[in-house]
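Taken together, the values in this text are just the output of simple stated rules run on the coordinates, not laboratory data. Just so it is clear, the structure is predicted and the values come from calculations on it, not from any experiment. With ideal geometry, Cβ positions are generated from the backbone for all residues, glycine too; neighbour counts draw on all protein chains shown.
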Amino acid sequence: MLLSGKTAVISGAASLRGIGLCTARLFADHGARIAILDLDEGAARNAADTLGGEGHIGLACDVTDKPACEAAVRSVLDAFGRIDVLVNNAGITQPVKFLDIAPENYDAVMDVSLRGTLYLSQAAIPAMRAQRAGSIVCMSSVSAQRGGGIFGGPHYSAAKAGVLGLAKAMAREFGPDNIRVNSVTPGLIQTDITAGRLTDTMRADILKGIPLNRLGDAADVAGVCLFLASDLSSYLTGTAIDVNGGMLIHG
């Protein structure tokens, strides 16, 4: 098992069809103890109860609130004594056109994806630094690379591009502490966010631009997160791995 004896914290992981919970399940299957963080504490606990193995926990955490992130990390350390992996998965999207982005739209999307990545990483890094080991996985998006997605507005693209830059900066600063920081850039993944929004016509048009000729599943992203969390990627930091079926092929 790739994560035997390790502790992983995954934000925004209570959604039943989401990337976060799928990643948590895969990590648990590989021997990790999991702390699921979500706005809804009950949902987080219920999600933790669905994982294989024992000892997993679910905690309430608003990643846009720095003290809440610090409190959640303290609870994880009290429960498990260490944090080996952090997956910054929490994020929201809004299908808003550029000229229609209101201040509240900008703040909401930026706060969860970018500020949340900052605050939760700030909370977890001191423990990783003390043990001189850790892996942080940051969830970006193909939208950051191609300047727009299917369902996300320009402010979503900007937030996810910010995640890429922040992750690279963390990788550079904390590499000497043996803390690796990498990003994942999913394409169109079938989750609760996309459920019910794709018409047959839209799906057919989208598939024309995907060489592998299928939409992604949460498991496709979870597998890459497992690779980045594990020692299989021990010499990778500051990278971004595309999980898009070839939707965007770039140099």
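Restricting attention to region 161-197, the residues that are without any contact (Cβ under 8 Å) to a residue 12 or more places away in the chain and in a loop (DSSP other than H, G, I, E, B) add up to 1. Once region 234-251 is narrowed to residues that are in contact (Cβ under 8 Å) with a residue 40 or more places away in the chain and on the phi > 0 side of the Ramachandran plot, the residue that is surrounded by the most Cβ atoms within 10 Å (Cβ to Cβ) is 245.
Scanning region 13-41 for residues that are part of a loop (DSSP other than H, G, I, E, B) and among the hydrophobic types (A, V, I, L, M, F, W, C) yields a count of 5.
Answer yes if at least one residue in region 54-62 is in contact with a Ser or Thr (Cβ under 6 Å, 6 or more places away or on another chain) and in contact (Cβ under 8 Å) with a residue 40 or more places away in the chain, and no otherwise. No: zero hits.
Using the structure shown, decide if residue 140 is among the polar types (S, T, N, Q), buried (at least 19 other Cβ atoms within 10 Å of the Cβ) and either over 26 Å from residue 27 (Cβ atoms) or free of Cβ contacts under 8 Å to residues at least 24 places away in the same chain (or both). Let's see the steps before the verdict.
Details: among the polar types (S, T, N, Q): yes; buried (at least 19 other Cβ atoms within 10 Å of the Cβ): yes; either over 26 Å from residue 27 (Cβ atoms) or free of Cβ contacts under 8 Å to residues at least 24 places away in the same chain (or both): no.
In short, no.
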